[in-house]
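Encoded as C-alpha cells, the structure appears first; notes follow it.
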Amino acid sequence: MRVIVVGAGVLGTMHAWQAVERGHEVVHIEREAEARGASVRNFGLVWVGGRAGGEELATALRARELWERIGERVPALGFRPAGSLTVVRTEAELAVAEQALTLPDAEQRGYRLLDEAQTRALNPALRGKLLGALHCERDGAVEPRTAQPALREALLASGRYTFLPGREVREVIGESAVRDDHGQVHAGDVVVLCTGAWLGGLVRELVPDLPVRRVRLQMMQTDPLGEELTTAVADADSFRYYPAYAGSALSGLQEAQPQPPVAAEHKMQLLVVQRKDGGLTIGDTHEYEHPFNFDVVEEPYEHLTAVAEELLGRPLPRIRRRWAGVYAQCTDTGRVVHRQQVREGVWLVTGPGGRGMTCSPAIAETTADQINL
C-alpha cells in the first residue's frame, strides 16, 4: 500500500511511522523545510498524570508505552522516563494532591504523594519552600526540536519512505491523491492530512464546519541550569488546568487561593522541563480568543520566572529564547482528536490540543487500525 501523509509535525510523522512499520510505502509532504509549528514549540512532555480518565488517559498511557519502545530504537529522540513532580506549597494545594490519590486510576497514573524530604530527595534542585509534591512516575520527556528529524532518519533507513519538504498541498484529486504547489500529483491508496493548526485553505474547503479551534501560547528557554533537574516540574496551577484534578478539593483551592491576576488573565500554569543541553523549557500561557495578539507580552514571563525561582530557590539562568506557538484543539475538549474521512480514501486528523506531543503515537496507531493500514 502507498500512503500519502501531509504534515511533518509529530502527528504526521507518527502516522508515517505507523505506515512504514506496517510494511507500506510512505510519501511524506511538508510545506516548510522542517516542521515549525506546535510540534517543536512545546515542552516535549509525555504527560500522563493530568489526563482525563477514560479514553484520554488510555490514549496517553498507550502513547507512553509507544514512545519508550520507539525511543529504544531511535536514541536521538532523547526519550527519558523521568516522571514529574507537581509541587504543593499550601494546605489547599496539598488537599488537591491528596484527593488525586483517591482516583480509581491513580495507580495507572503512577501517583505518589511525597513529603518535603522525599520531594527534595527525588529532585534535589528543588530548594525552595514547599510542603511536598504529587509524583507521577509515568510521565516522560523527549526533545521536541529534534524528535521529527530523528524519526525521519530512521524512516529513511527503511527504503520505503520519501520526504518532500517545501511543498504545500493545494488540492485533493479524485480518490487518494493530492496536488502540491509545484503542480505535482501524489497518488496513493490512502491520504492522511495532519495539518496541525493550519485550518484554512484546503482544510476549510474539505470541512467548512470543522469543530476545531486554535490556541496560542507563550514559552521560553534558559541557558543550562548547571545541575540536573531529575523530573519535570509543575506548580499547583496545573491542578486548575488539567481535567484529572477536578473535584471538591480543587473547588476549595479555587475559592481559598485565587490565581494571581496575571496568571488568571493568561490562563497560566508553570511547567519546567530540562533539555539534554541542561537548559530549561518553561511555560506556559493559553489564549483562546481570536484574533490572537501578534506580539509576546512580558508579564507572563515575569510570573513564570518568579514561580520557577521560588521552587528552585535560586535565580534562573539567562533566558536564551522566547517564543509563541499555536496549536489546534477540538472545541469539545473531552475529545482526544478529530479524525474524519473527508473524501474517499482521504482522512483528516487534527485537534489534539496540548496532548499532541504526548498522545501522537497512539493517535496514529488508532488511525492506522481504523483505516486498515
Top-ranked residue in the range 17-38 [being touching a helix residue (DSSP H, G or I) at 6+ places or on another chain (Cβ under 6 Å) and closer than 22 Å to residue 171 by Cα; ranked as surrounded by the fewest Cβ atoms within 10 Å (Cβ to Cβ)]: 26
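Yes or no, residue by residue, for (1) in contact with a Cys (Cβ under 8 Å, 6 or more places away or on another chain); (2) over 28 Å from residue 58 (Cα atoms):
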site	(1), (2)
90	no, yes
102	no, no
109	yes, no
131	no, yes
135	no, no
139	no, no
147	no, no
153	no, yes
If the requirement is being modelled with pLDDT of 95 or more and open to solvent by less than 20 Å² (accessible area, probe 1.4 Å), which of these qualifies: 368, 324? 368
Search result, residues across the range 136-155 that are touching a Phe, Trp or Tyr at 6+ places or on another chain (Cβ under 7 Å) and open to solvent by 10 Å² or more (accessible area, probe 1.4 Å): 152
In the range 76-126, which helices (runs of 4 or more DSSP H) lie fully inside it and hold 2 or more residues that are open to solvent by 60 Å² or more (accessible area, probe 1.4 Å) and aliphatic (A, V, I, L, M)? 116-122
For the range 248-298, enumerate the residues that are of a type in the set (A, V, I, L, M), in contact (Cβ under 8 Å) with a residue 12 or more places away in the chain and within 23 Å of residue 47 (Cβ to Cβ). 249, 250, 253, 263, 268, 270, 271, 272, 273, 280, 282
The one condition in (1) among the aromatic types (Phe, Trp, Tyr); (2) assigned to a loop (DSSP other than H, G, I, E, B); (3) closer than 17 Å to residue 155 by Cα that residue 17 fails to fulfil: (2)
Using the structure shown, decide if residue 183 is within 22 Å of residue 348 (Cα to Cα), open to solvent by 20 Å² or more (accessible area, probe 1.4 Å) and either out of contact with any His (no Cβ under 9 Å at 6 or more places or on another chain) or in a helix (DSSP H, G or I) (or both). yes
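Which one of 159, 196 is in contact (Cβ under 8 Å) with a residue 24 or more places away in the chain and either closer than 27 Å to residue 62 by Cβ or out of contact with any Cys (no Cβ under 9 Å at 6 or more places or on another chain) (or both)? Quick ask: steps written out before the conclusion?
Numbers: 159 fails: in contact (Cβ under 8 Å) with a residue 24 or more places away in the chain.
Step by step, each of 159, 196 is checked, and only 196 is in contact (Cβ under 8 Å) with a residue 24 or more places away in the chain and either closer than 27 Å to residue 62 by Cβ or out of contact with any Cys (no Cβ under 9 Å at 6 or more places or on another chain) (or both).
Quick check, is residue 209 within 30 Å of residue 3 (Cα to Cα), without any contact (Cβ under 8 Å) to a residue 60 or more places away in the chain and more than 18 Å from the chain's Cα centre (by Cα)?
Details: within 30 Å of residue 3 (Cα to Cα): yes; without any contact (Cβ under 8 Å) to a residue 60 or more places away in the chain: yes; more than 18 Å from the chain's Cα centre (by Cα): yes.
For residue 209, the condition - within 30 Å of residue 3 (Cα to Cα), without any contact (Cβ under 8 Å) to a residue 60 or more places away in the chain and more than 18 Å from the chain's Cα centre (by Cα) - is met.
The values are calculated or read from the model by the stated rules, or taken from the named source; none is laboratory data. Worth saying up front: this structure is predicted, and the values here are computed from it rather than measured. All Cβ positions, even for glycine, are placed from backbone atoms using ideal geometry, and neighbour counts span all protein chains on display. Each accessible area value is taken on the protein alone, full model and side chains, heavy atoms only, with ligands, DNA and RNA left out. Shrake-Rupley method; radii C 1.70, N 1.55, O 1.52, S 1.80 Å.
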